[in-house]
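Everything below concerns the one structure shown next.
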Amino acid sequence: MRSEVKKKFLQACMNHGSLSTEQISEILGPISQSYDDLDLLGDVRNLVKEINNDIKEFNQELKFVKHPLLGKEFLVFGLTFETPASKLQHHYREADQLYFAKLLESMVVQEDYGISWVDMYNLPNLPDAAKKDLTKTRIHDLTTKWTQQGYFFEKDDKLFFGPRMLVEYASHLKTHFSEYIKDCPLCKNVVLWDIKCDRCEIKVHKECIRTYLKRKSNCPSCNEVWSTALN
């Protein structure tokens, strides 16, 4: 019975790419009733641990991540191997994968890591051969699909990195765009928006620094007294 529960929940995670806590409840509710496991909703993290033990040999993982811009925690399905292009499903054309890579390049250099629809339709440095396949309709279809899969999300007429991007592409972004993308010095996970030290401007997760400042009063990077407001 437990194996069937794990199988159905994993399939839902794979189909959605990322799940909010509300979506997790919507999915696990019927599963718990079907298999008469009413404690399932209160045991999500243990369920995820069990699933991760089952799928790690396939270079897959489920991971909880808090998205600062959305203000929510998500459960993300991600691939753990290091080749970014191969993380996109094989049915994507070469031009599609190239567009995905160029889209990331254009977003990481922005202060807010976002991009407008106008700029999405006019990415620089795309080969002419790729441009022929990347019509506005195709670009719209691709970004819509990737948004549904959790790689991006739309806000204020711009596209931003979604929860799945923070999990699945974190290593790639830090390696290839180290000038713009770094780890939080406290939890060692990628940090994008969140909060900066007023003195050294290092970025940290707001929740991480809030917990840290309960014990200490100095910046974990420059060691000066932390003075940036947390609200």
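Any read-out appearing in this document is the output of simple, stated calculations on the displayed coordinates, not a laboratory observation. Computed from a predicted model, the values in this text were never measured in an experiment. Please note: Cβ atoms are built from the backbone with ideal geometry, for glycine as well, and neighbour counts cover all protein chains shown.
Observations on the structure shown:
- Residues of the chain were split at every exposed loop site, defined as GluC sites (Glu not before Pro) in a DSSP loop with at most 13 other C-beta atoms within 10 angstrom, and the longest piece left, sites excluded, is 1-81.
- Longest to shortest principal axis, alpha-carbon extents of the stretch 84-170, angstrom: 30, 27, 21
- Zone residues, the stretch 10-40, relative to GLU50, backbone N less than 11 Å from point 7 Å out along Cα-to-Cβ: 37, 39-40
- Dipole magnitude (debye, nearest 20) for the stretch 96-173, charges at Cβ of Lys, Arg, Asp, Glu: 240
- Our summary gives the chain a relative contact order of 15 percent, counting only alpha carbon pairs under 8 angstrom and 6 or more residues apart.
- Point-charge dipole on Cβ atoms (K/R +1, D/E -1) for the chain, about Cα centre, debye to 20: 400
- Once you divide the Cα radius of gyration of the stretch 2-79 by 2.2 N^0.38 Å, the number left is 1.05.
- GNM result for the chain, Cα springs below 10 Å: residue of PHE152, PHE64, PHE177 fluctuating most strongly: PHE177
- Debye, to nearest 20: dipole size of the stretch 46-164, +1 on Lys, Arg Cβ, -1 on Asp, Glu Cβ: 160
- Dimensionless Rg ratio for the stretch 87-231, taking C-alpha atoms and the 2.2 N^0.38 Å reference: 1.22
- Note on LYS182 and LEU230: the extension gain reaches 15.3 nm, defined as 0.36 nm multiplied by sequence separation minus the Cα-Cα distance.
- Measuring between alpha carbons in the structure, the pairs from LYS8/LYS145; LYS145/LYS196; LYS8/LYS49; LYS72/LYS188; LYS188/LYS216; LYS7/LYS72 lying more than 27 angstrom apart are LYS145/LYS196.
- Relative frequency of Cα-Cα separations exceeding 15 Å in the stretch 139-209, percent: 59
- Spin-label model, SER171 to THR80: label points 7 Å out along the Cα-to-beta-carbon direction sit 0.9 nm apart.
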